[in-house]
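Chemist: Just passing along the structure, written as structure tokens.
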Amino acid sequence: MRVAPPTPTTVQDHVALAEIELCGELMIAASAADGERLSSDAIDAVLNVIPEGRGGAAAPR
């Protein structure tokens, strides 16, 4: 019996991979934080968001 060689059928969703990475960064920051939750400023810092009124427009949520 002859088996066909495997073909590379990997599909990458770059948006989904970026979202997974950001979630991982938030989980790491949350586990290292003091207290029960991260502040909005801490979340913005982890996600590299510049809030409105601080020199740029906030990223859409």
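The values are calculated or read from the model by the stated rules, or taken from the named source; none is laboratory data. All values derive from a computational prediction rather than experimental measurement. No Cβ is skipped: glycine too gets one built from the backbone with ideal geometry, and neighbour counts run over all protein chains shown. Remember, those area values only see protein heavy atoms, side chains included, never the ligands or the DNA or RNA. Shrake-Rupley method; radii C 1.70, N 1.55, O 1.52, S 1.80 Å.
Chemist: Please tell me if residue 38 is assigned to a loop (DSSP other than H, G, I, E, B) and at pLDDT 90 or above.
Modeler: It is true that residue 38 is assigned to a loop (DSSP other than H, G, I, E, B) and at pLDDT 90 or above.
Chemist: Can you give me the number of residues within segment 42-56 that are modelled with pLDDT of 85 or more and exposed (fewer than 10 other Cβ atoms within 10 Å of the Cβ)?
Modeler: Residues meeting the conditions: 1.
Chemist: Pick from segment 8-31 the residues that are open to solvent by 100 Å² or more (accessible area, probe 1.4 Å) and part of a loop (DSSP other than H, G, I, E, B): which of them is nearest to residue 46 (Cα to Cα)?
Modeler: 12
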